[in-house]
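What follows draws every value from the coordinates through simple rules; no lab data is involved. What you are looking at is a predicted structure, and each value in this text was computed from that prediction instead of being measured. Counting neighbours? That spans all protein chains shown, and the Cβs are built from the backbone with ideal geometry, glycine included.
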Amino acid sequence: MQTIRELSMLRETIASWRGAGERIALVPTMGALHDGHMALVEAARRQAARVMVSIFVNPMQFGAGEDLARYPRREAADTRMLTAAGVDALWLPDVETMYPAGFATTISVAGVSEGLDGAARPGHFDGVATVVAKLFHQVAPDVALFGEKDYQQLAVIRRLTSDLNLDIEIVGIGTQRDDDGLALSSRNIYLLPEERQAAVALPRALGVAAATIERGGDAAAALAQARTTLTNAGFVVDYVELVDAETLGVPSPARPMRLLAAAKLGTTRLIDNIAVAPVDEG
Ligand code: PAF
């Protein structure tokens, strides 16, 4: 696997792949790779002749007081995993490359960015949209893959890609989970052993609420029950919300819905989401 740290080298590599008529897949990450990322890489290998993975811990998407400084950085282990998975190139830009002195451009996606994590983490999705737009511009992939665990992020990136007429196919890959159901996340390593045990309440509460709603049960009561379950398990709940699966707006029981939650256990903020099928009115 080629490790690329300079924009000029990135451009050369992309040009040589393009010259050979090869389809290119991009998997953008912030590193500290786990099986969730590797599922994206495997899917990318099925989608394209060439797979580029980027690792960049993007300061612009962390708010004041968030975990930028302690976010895990594991370049050597990540490189080994990507090499073993047959990735062609790793793009490892530094902060000066991504945000040169005087950087003054922000990509802001209205609508889908605004509720949920957008409300809880002001500016977060501007940071995500800006860095992803830059990565798309640098690599110009044919296809880019993202995890559904960051469901709102995926919606923001789909909107951005469509709004900017980017000829990039956006592929969402289902959330990878530990055996007990906890969604894989680079942040899970922050959890103390007793917090890790309690964390399973998050996917369970979402599963129970989704099943209730799909059976035609009272959605507001199901969401309230999920919040209570999480609080009783030791979480401080940011939100548990039911939205339209596509627009992230007001849900309609006749359309696919998505149930999303964010909650903190100690100092660790976890997010998760689950599909909620349209309610069968028959
Ligand atoms: O999901 C992530 O790891 C990041 O938000 C992304 C998409 C790589 C942008 O920094």
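With respect to Ala210, determine if the residue is in contact (Cβ under 8 Å) with a residue 40 or more places away in the chain, more than 16 Å from the ligand (Cβ to nearest atom) and not in a loop (DSSP other than H, G, I, E, B). Let's see the steps before the verdict.
Details: in contact (Cβ under 8 Å) with a residue 40 or more places away in the chain: yes; more than 16 Å from the ligand (Cβ to nearest atom): yes; not in a loop (DSSP other than H, G, I, E, B): yes.
Yes; evaluated as a whole, the condition is true for this residue.
In the set (1) over 30 Å from Arg23 (Cα atoms); (2) surrounded by fewer than 16 Cβ atoms within 10 Å (Cβ to Cβ); (3) small (Gly, Ala, Ser), Gly174 fails one condition alone, (1). Taking region 48-62 as the search range and keeping residues that are in a helix (DSSP H, G or I) and touching a Ser or Thr at 6+ places or on another chain (Cβ under 9 Å), which one is nearest to the ligand (Cβ to nearest atom)? The qualifying residue nearest to the ligand (Cβ to nearest atom) is Gln61. Gly216 fulfils the conditions (1) farther than 30 Å from Asp67 by Cα; (2) touching a residue at least 60 places away in the same chain (Cβ under 8 Å); (3) buried (at least 17 other Cβ atoms within 10 Å of the Cβ) except for a single criterion, (3).
Looking at region 22-47, which of its residues are under 17 Å from His124 (Cα atoms) and part of a strand (DSSP E or B)? Steps first, answer last, please.
Applying the first criterion (under 17 Å from His124 (Cα atoms)) to region 22-47 yields 28-30.
Once the filter is applied, which keeps residues that are under 17 Å from His124 (Cα atoms) and part of a strand (DSSP E or B), region 22-47 yields Pro28, Thr29.
Note on region 18-35: residues that are away from the ligand (no atom under 16 Å from the Cβ) and surrounded by 20 or more Cβ atoms within 10 Å (Cβ to Cβ) amount to 1. Within region 92-116, restricting attention to residues that are within 14 Å of the ligand (Cβ to nearest atom) and within 18 Å of the chain's Cα centre (by Cα), the residue that is nearest to Glu66 (Cα to Cα) is Ser113. Between Arg204, Arg255, Arg196, the distinction of being among the basic types (Lys, Arg), surrounded by fewer than 16 Cβ atoms within 10 Å (Cβ to Cβ), more than 25 Å from Val132 (Cβ to Cβ) and over 17 Å from the mean Cα position of the chain (by Cα) belongs to Arg255 only.
Identify the residue in region 227-252 that is in a loop (DSSP other than H, G, I, E, B) and more than 21 Å from the chain's Cα centre (by Cα) and, among all such residues, is surrounded by the most Cβ atoms within 10 Å (Cβ to Cβ). If you could, list the steps in order and put the result at the bottom.
Residues of region 227-252 in a loop (DSSP other than H, G, I, E, B): 233-235, 245-252.
Going one step further and asking which of them are more than 21 Å from the chain's Cα centre (by Cα), we end up with 233-235, 250-252.
Numbers: Ala233: 18, Gly234: 16, Phe235: 25, Val250: 8, Pro251: 21, Ser252: 11.
Filtering first and then ranking leaves Phe235.
Condition check for Ala119 on (1) surrounded by 18 or more Cβ atoms within 10 Å (Cβ to Cβ); (2) within 17 Å of the chain's Cα centre (by Cα); (3) not in a loop (DSSP other than H, G, I, E, B): one failure, at (1).
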